[in-house]
Structures are given as C-alpha cells and as structure tokens.
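> Dropping a structure here in structure tokens format, bear with me for questions.
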Amino acid sequence: MSKLLGFSGKDDFCPGGIYTNPKEAGLFLSLGHHADILFPPRKRSRISAPFVFSGGRFEKEVSIDVLPDECLFEIFKRIPGGEERSACACVSRRWLNVLSNINTDEFSSNPTNLSFKPQDEVSGNNSEDQEVENCGYLSRSLEGKKATDVRLAAIAVGTASRGGLGKLMIRGSNSVCGVTNLGLKAISHGCPSLRVLSLWNVSSVGDEGLCEIAKRCHLLEKLDLTQCPAISDKGLIAIAKKCPNLTDVSLEFCSNIGNEGLQAIGQCCPNLRSISIKNCRLVGDQGIAGLLSSTSYVLTKVKLQALTISDVSLAVIGHYGLAVTDLVLASLRNVTQRGFWVMGNGQGLQKLKSFTIASCQGVTDTGLQAVGKGCPNLKQFCLRKCLFISDSGLVSFCKATRSLESLHLEECHRITQFGFFGALSTGGSKLKSVAFASCMGLKDVNFGSPAVSPCQSLRSLSIRRCPGFGNVGLALLGKLCPQLEHVDFSGLEAITDAGFLPLVENCEAGLVKVNLSGCVNLTDKVVSSLADLHGWTLEVVNLEGCRRVSDAGVAAISGNCTFLSDLDVSKCAITDFGIASLAHADLLNLQILSVSGCPLVSDKSFPALVKMGQTLLGLNLQHCNAISSSTVDRLVEQLWRCDILS
C-alpha cells in the first residue's frame, strides 16, 4: 500500500504525496500548514457562496445575494412605498430588474406589506399616495445613447411615486445596448398610467414590446411610431383591442404595418380623433376604407403622405369624412384628377376647415373646382408643388369657397398675376391672409386699369422668392388691399422705391410687421416714409440685406417708431452713428436688435449698446469685424439679461 500511494509509512503526511495529478489540484482546500483535505467531485450547488473557516469548521458567508430572484420578488412586492422601492432599485442592476418586473397592482393588493414607517403614518397616507401615483403627470424623453433598457426600467420604478409616467418619448437607440422589448415590458409593469408613447427609429422593438404595453397600459391615448420596422399589424391590433381610449395615431416609415392594423384601429377605437400615415408601403385602399368607414362620425384629422393608395381612398374620404376638419394629402402618386373630383362631389366634407395638397400631380383645375364646391366651410387652403393648377382653377376655387380666410401657394409655377389678383378680388369678404412663395409665374403684367374690387378683409400678405414680381404688381396691391397690417416681400429684388411707396401710402389700417429682407433696391426714402406714416403701429421691421439703407433710415425709425420691439438691419450700410441714434431715442424700447454683417459698426458703439441694454433681450453682432472680442466680453458682462450672438 505504501508503494502504491508513493510514500513509506514512516514519512510524514505532506502535500503532493497523496495525489499527483496537477489538473485536479483545485479539489484540495487548504486548512493550514501540513493539512490538506480531498473533496471528491460532486454535483454543483445551485447557489455558490464563499466559504469561511470559523471554530474548526467551514461555514458559508451570509449574504442577501444568495437569495434567488423568486425570493427577492416576494420581498420587494411587500414594500409599500415608492420611495423605498426606488431606494432598493439603486442597490444593483439585479434588484432593478426584479423590481421592474413587478406590476403596480401587486404592490397595492398584497395584504402583508413591509413598512419602514410607523403604522399609523402608513395607513393614513396610503390612499392619498395611491391616488398620486396613478395620475400620470410625468413625461420622460430618451435620445440616442441614453435610450437603453436599464434606463427604462429605472423610469418605470422611479416615476411611480412621483405622479406616475404619462408621456414617454424614445428618439433613437443605443447601438450597443439599446431599447428592446424588455424595456417596454418594464414600462408596462410599472407605468399603467401611460397615455402617450412615441417611438422614433427604434429598430429593436417589435410586436412583443407593443403587446406588453397593450396588456397593462389601457389608458393609452396617443401612439407615435416612426421608423419601427420590427412592428407589424400584430402589435397594432393588440393596441387597438386593449386601448379603447386611443385618440391619436401616427405611423411613419413602418414598413410592416398594413391594412389589417388600420382596420383594427377603426373598429376598436371609438374615440379616434387623428390619424397620420406616412410612407407605409403596405397600406392600401382597403386599410384606408376600413379606417374611415368605421370612424366617420369621430375622426377629425387625417394626414396621408407617400402612400400607394388610389382614387378609391379619396372617394372614401369624400363620402365618409363627415367629421373631418383637417385634411392633408401629400405625395400621392397614384391619385388622379378623377379622385379629387369624386372626393369633392361626395358631399361628405361639409365640416372641412383646413386642407393641404402637396406634390400631388393628379390635382388639376377641374378637381380643384370640385373640391371648392364640396367644402363650403373651408377656411385654410394650402397648395404646394402642384404643377397643373392654372389661373382659371385658382379663381374658380376661390369663387366656390366663400368662407376662405387663408390661401397659401408654393411652387405653383403656372399661376400668373392674373390668377393672383383674380383670387384676391373673388376670394370673398372673409379672406384675411394670402401667401405666395417661389411661384415663378408671378411676373409683372401691364393690366392697365383692371376692373377688380378691393379686398377690404385682407390683413396679411406674403410674396416671397418670386423674382418676377415687381413695381407694377406692388402698386396695384396698394389699391386692392388698403387694410394690410402684415407684409412680407422678402427676396423680391425687382421692387424699388417707386413700387413700394404707393403701397405704404395706401395702407389705411397701419402696418404692424414689415419684412423687406433681400430687397436690395430699396433705399432710405422708403424706410423714412414707412416710419413717418406707420411709426405709431410698427412693431417688427426686417431690413436684412437692404444694402442701400443707411443711418438716415435708422434715424427715421428711432424718431417715429414708438412701439417697435424687433429691428433687423443686418448687412445694411449703417455705422456707429445709426446705433447711437437708436440709443438716444427717448420713446424707443427695442427688445431684439440685429446688426449682423455690418462692417462699419465698431467698438465705438459700446456705450450706445449698453444704454439700449436696459430693454434688449436679444442682440446679434455676428460678422461685425470692427467689434473686438474684448468689447463683446464687456457687453456680455454688463448686459446679463440679453442673449448676445457674436
């Protein structure tokens, strides 16, 4: 036996002589000098814990970490207060995960609660705390790298005792450990008061996460899904069936949401008020028809953009849109003239007040006229990038819509000045605002003495970036629109003093806001006339880029414009003298001043700027190369109430 074991009976018992296999040296546990014990292999224990030697025997170290999650779950759900639960969640990520998987009703319904407060205090405040926790006052927003499951779990646990989470917005996701279905599951467990959920560009969240929200967040009212490719009709159907309070749904770039989801929304959400669908390739006529036909008496806002729907969907809108007040149709390539004609003649859009059509090549003069007749209560109309609308279609539309208050056209190049002035004269007695932008067909035409009636109701006129519009049209506007208060002629390089002065002289009501940015041919004469005739009403004046406006024009403004609060003279020919004249005006109380790009304004204007700083809230000194950085620093120090850009 001695030879077999490798030592003689007379040798001392020592390490290394008993077992010589180096691979299993870990089976030995040292007890001290010249003492080893062999532990044979056995089944691994479920929970590993460190051993300590005490009193001649081995004992496991006592630690709460040895408890399984099931035991922690039972302990945590007996903690009554939100503050205590939040404190426990801060111990470790494991505790946070366990707490985030406990439903809020499990906390309140358990009869044996653990409390860290006196019993009378707990019983006295229990009902009040429960009421506060379920109100849903709080809102949380996670963006980019901050959007992780761990943060969502922390939000779910932490907001319960602070008013309850009512609004959650997630923008993007962490590329390493971003938001997944587990994060939404934690929110569903801890935030039954959730009313608004917005997910943007969250590719790891799918139907499972949305189904978890549907299971427990029955108070959900608004759902916004943008660039969520993993969410399909299954998740949307679950929301529709479990969240009857849903009023607002927005779907953008969701490639797997189609007709079935929209039909479920229409059938199961009797309170739906608004629907917006953009670039969802699986949405077709069947989904739009199912949605509109089921919500015809409650749905008020509809936006359809970049969809593959056809004229059938427009016919459905014209027939079932009985409650629709706001309608947006954009980038619908498969819709033709027939669709707009049928929609207008459907007689279902009697309550429509705001209508926007953008980038729809199917809309023509015939369809536009039908829309005007079929929407008698239309107040706001916007037409963008519709290349086949001409003067006759616009005039016919304005004649049909006698309630129109606001007309906006952009990049409609077939509209000329005949259509423009025809719309003004036939737009009815309620037309208050007209805006034309980037319409290349608006070019000066010699009308002679046209027999057009003045538009006494028009208060706001905007003609921007229409290079052909010049003095002839501007002079005629002065005769047609005597009650103008807001004018925006930015980017009209063709107008001069001769065209603008008649408009200024014929405005009887008094101009309030004037934007002449980019009108490079206007001079001090126009500015002086503007200040003399309308100084008692002017509040905002923008002269950016008017290179021929100098100190004389600024001096006229400072002496006459008592109520002026916002002045922009960027890239004008003003000097330190002009700034000084503004500072010495006794009645002028400017709040916003911009002198960006004025090379003749120097450090000498420092005292004047400091004096105006008593009322200034915003000052733009960008690209003023004659003003040193030290002067800017002094201004920042002294004008502590004013935001300074330099």
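> Tell me the strands (runs of 3 or more DSSP E) entirely within region 307-422 that contain at least 2 residues that are among the small types (G, A, S). Quick ask: steps written out before the conclusion?
Numbers: elements: 326-330, 354-358, 380-384, 406-410.
Because the criterion is at least 2 residues that are among the small types (G, A, S), the strands (runs of 3 or more DSSP E) in region 307-422 that meet it are 354-358.
> Evaluate region 208-229: report whether one residue or more is in contact with a Phe, Trp or Tyr (Cβ under 8 Å, 6 or more places away or on another chain), polar (S, T, N, Q) and closer than 30 Å to G164 by Cβ.
There is at least one residue in region 208-229 that is in contact with a Phe, Trp or Tyr (Cβ under 8 Å, 6 or more places away or on another chain), polar (S, T, N, Q) and closer than 30 Å to G164 by Cβ.
> The conditions are (1) within 26 Å of the chain's Cα centre (by Cα); (2) outside any helix (DSSP H, G or I); (3) buried (at least 21 other Cβ atoms within 10 Å of the Cβ), and V298 fails exactly one of them. Which is it?
(3)
> For the structure I just gave you, tell me whether V342 is more than 23 Å from L225 (Cα to Cα), open to solvent by less than 40 Å² (accessible area, probe 1.4 Å) and among the hydrophobic types (A, V, I, L, M, F, W, C).
When the stated conditions are applied, V342 does not pass them.
> Of all the residues that make up region 376-389, how many are over 15 Å from F355 (Cα atoms) and surrounded by 19 or more Cβ atoms within 10 Å (Cβ to Cβ)?
1
> Name the residue, out of L142, L152, that is closer than 16 Å to G209 by Cβ, assigned to a strand (DSSP E or B) and at pLDDT 80 or above.
Just one listed residue meets the conditions, L142.
> While we're looking at this one, here's another question. Please enumerate the residues belonging to region 356-375 that are within 10 Å of S396 (Cα to Cα) and open to solvent by 50 Å² or more (accessible area, probe 1.4 Å).
Within region 356-375, T366, Q369, K373 meet the criteria.
> State all residues of region 538-551 that are closer than 19 Å to D586 by Cβ and either polar (S, T, N, Q) or open to solvent by 20 Å² or more (accessible area, probe 1.4 Å) (or both); if no residue qualifies, say none.
E539, D551
> If you take the residues of region 615-637 that are of a type outside the set (D, E, K, R), assigned to a helix (DSSP H, G or I) and surrounded by fewer than 13 Cβ atoms within 10 Å (Cβ to Cβ), which of them is nearest to the chain's Cα centre (by Cα)?
S629
> Something else about it: When you scan region 574-582, do you find a residue that is among the aromatic types (F, W, Y), on the phi < 0 side of the Ramachandran plot and open to solvent by 30 Å² or more (accessible area, probe 1.4 Å), even just one?
yes
> I'm told A156 meets every condition in (1) farther than 30 Å from G284 by Cα; (2) crowded, with 18+ Cβ neighbours inside 10 Å; (3) out of contact with any His (no Cβ under 9 Å at 6 or more places or on another chain) except one. Can you identify the failing condition by its number?
All conditions pass for A156, except number (3).
> What is the number of the single condition among (1) in contact with a Ser or Thr (Cβ under 6 Å, 6 or more places away or on another chain); (2) open to solvent by less than 50 Å² (accessible area, probe 1.4 Å); (3) of a type outside the set (F, W, Y) that S429 does not meet?
Answer for S429: the failing condition is (2).
> Another one. With a cut-off of at least 2 residues that are under 21 Å from Q305 (Cβ atoms) and open to solvent by 10 Å² or more (accessible area, probe 1.4 Å), name the helices (runs of 4 or more DSSP H) lying wholly within region 169-269.
Working: elements: 181-190, 207-216, 233-242, 259-268.
In region 169-269, 259-268 are the helices (runs of 4 or more DSSP H) which contain 2 or more residues that are under 21 Å from Q305 (Cβ atoms) and open to solvent by 10 Å² or more (accessible area, probe 1.4 Å).
> All but one of (1) modelled with pLDDT of 95 or more; (2) out of contact with any Leu (no Cβ under 6 Å at 6 or more places or on another chain); (3) buried (at least 17 other Cβ atoms within 10 Å of the Cβ) hold for S331; which doesn't?
Checking S331 against (1) modelled with pLDDT of 95 or more; (2) out of contact with any Leu (no Cβ under 6 Å at 6 or more places or on another chain); (3) buried (at least 17 other Cβ atoms within 10 Å of the Cβ), the one that fails is (3).
> What are the residue pairs meeting all of these: first residue in region 320-343, first residue farther than 12 Å from V302 by Cβ and among the small types (G, A, S), second residue open to solvent by less than 30 Å² (accessible area, probe 1.4 Å) and at pLDDT 95 or above, Cβ atoms under 6 Å, and 6 or more apart or on different chains?
Partner pairs satisfying both residue conditions: G339/L314.
> Here is a follow-up. I'm checking my understanding of the structure. Among residues of region 40-80 that are modelled with pLDDT of 55 or more and touching a helix residue (DSSP H, G or I) at 6+ places or on another chain (Cβ under 7 Å), which one is most open to solvent (accessible area, probe 1.4 Å)?
If we take residues in region 40-80 being modelled with pLDDT of 55 or more and touching a helix residue (DSSP H, G or I) at 6+ places or on another chain (Cβ under 7 Å), then D69 is most open to solvent (accessible area, probe 1.4 Å).
> Against the condition closer than 22 Å to D365 by Cβ, open to solvent by 10 Å² or more (accessible area, probe 1.4 Å) and touching a His at 6+ places or on another chain (Cβ under 7 Å), how does G422 come out, does it pass?
no
> How about region 100-112: which of its residues are modelled with pLDDT under 70, part of a helix (DSSP H, G or I) and not acidic (D, E)?
Of everything in region 100-112, those that are modelled with pLDDT under 70, part of a helix (DSSP H, G or I) and not acidic (D, E) turn out to be T104, F107, S108, S109.
> Could you tell me which numbered condition K353 fails, if it satisfies all but one of (1) under 24 Å from the mean Cα position of the chain (by Cα); (2) more than 16 Å from F397 (Cβ to Cβ); (3) of a type in the set (D, E, K, R)?
The failed condition is (2).
The values are calculated or read from the model by the stated rules, or taken from the named source; none is laboratory data. The structure presented is a predicted model; accordingly, all values stated were derived computationally and were not measured. Don't worry about glycine lacking a Cβ; one is built from the backbone with ideal geometry, like all the others, and counts go over all protein chains shown. Note: accessible area is taken over every heavy atom of the protein model, side chains too, but ligands, DNA and RNA are not part of it. Shrake-Rupley method; radii C 1.70, N 1.55, O 1.52, S 1.80 Å.
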